[in-house]
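To start, the structure under review is shown below, and the notes come after it.
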Amino acid sequence: MSPFDLILDARKAATIGNWDESDQLYLMAISILEERKDLSADSKENFLSVQAEYFSNRPYLPDIETFDEFRCRVLLTIRYINECYKLNGKNSDLYFTKMYEIMRNFIKSYGCHIPESEHHIIMSCPIQLDSDKFGSLGVNAGAYYDKAICSICKLDLLDKNCSHVINRVYDDKQCVPIFENDRIAHFALDRPKDPKSRITDIFYPKDMIIEKAQMDKSKVNLEKLNVNCTRCRQERIDPVSITPELFFEMQGLNISFDKEQKTETKELKKGVVYFKSLFSSNYKQM
C-alpha cells in the first residue's frame, strides 16, 4: 500500500471521528516517506507536509488530550509547515498562507500563552505593547568616539581628501562610518526613525501583574503564573502584526522549536521593569 493511499484512508477515518485509526495510518505513511526521503525538495516536502497534516488531523478534544498537548500539536504543525515553506517550492505561498491561518485562528480562538521567567512576565506582543504606548518607543543611543573612518577610502570622514558621503553607494559598496574607540554615553527612550530600535519586549515583575489584575497574592503560584492572553478574542482583533516567528517566541520558543526559553533572564532583578529592543542586545531598566 502506497503512503498516499494510507493518507487518503487516514483522512477518511478522521472524517468519521476514528482518531486512533487515523493516527495509525498517518504514522505508517510517515514511516514509509521517511525511509524514502532523499535530498530532493519534493521528497522533503512530502515528508514534512504529511507530518504537519498528522499533527493537525483532529480538533481540540478535551476528553482525549490536555490543552497543553493540543497547543504543542499546533506548534508542531506550524513548525513543519514552516519547513515546507523554507524549501521555496511551487507551493511556498500556500504554505505561508496556511501558517498564518492556523496561527491566527488559534490566537482568536484560544489566546496566547505568555512566557515568563522566575520573577517576570515577558510581553512580546506588538498589540499589547502598542496599547501600553511602548510599541512606538525605542532606544536612542548617545555615544562618544575618537574618529569616524570612511569604509571605502579608509580616511577620516572629516578629511578633505575623503569625497564619500555616508550611506551613498559607490561601485556596489556603501559608505558607512567605522568608529574608533567608541563608547556609549547614554540610552534614552524616544520615538526614533529606525524601526530596529523599537522596543520588542517588556519584562513586567509578577507582583505588578498580580496587583494590576487585583488577584489575591496568597492564592497565586508565583513560580508559574501561566498567564494566557485572550484580548484578540475578546476585542475581535485580527492579529495580523504577529508573525509565525513572533508567535513561537511568545510561547517561549523559537521557530526551530528549541526547548529553551528565547531569552536568558537570570540577571533580571525582582520587582524591576526591564525592556529590550533590536537595537540593544542587553536588558535596560525602566
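The calculated FRET efficiency for the pair Lys224 and Ser109, based on their C-beta separation and a Förster distance of 22 Å, comes to about 0.40. When you count the other C-beta atoms within 10 angstrom of each residue and take the mean per peptide, 41-51, 26-36 line up highest first as 41-51, 26-36. Once divided by 2.2 N^0.38 Å, the Cα radius of gyration of the stretch 45-110 becomes 1.12.
Simple spin-label estimate for Tyr60 and Ser92 gives 3.3 nm between the two label positions (7 Å along the Cα-to-Cβ direction from each Cα). Listed by chain and number, the aspartates and glutamates whose alpha-carbon sits under 18 Å from that of Lys147, ignoring those within fewer than 8 places in the same chain, are Asp156, Asp159, Glu180, Asp182.
Peptide packing for 211-218, 114-121 was compared via the average number of neighbouring C-beta atoms within 10 Å per residue; ordered from the highest value, the list is 114-121, 211-218.
Close amide H contacts of Ser151 (hydrogens built in the peptide plane, cut-off under 5 Å, sequence separation of 5 or more or a different chain): Val176, Ile178. For the stretch 1-147, the relative contact order comes to 13 percent (Cα pairs under 8 Å, sequence separation of at least 6).
Laboratory data are not the source of any read-out in this text; all were calculated from the coordinates shown. Since this is a predicted model, take the numbers as computed values, not measurements. FYI the Cβ positions are ideal-geometry reconstructions off the backbone, even for glycines, and counts take in every protein chain you see.
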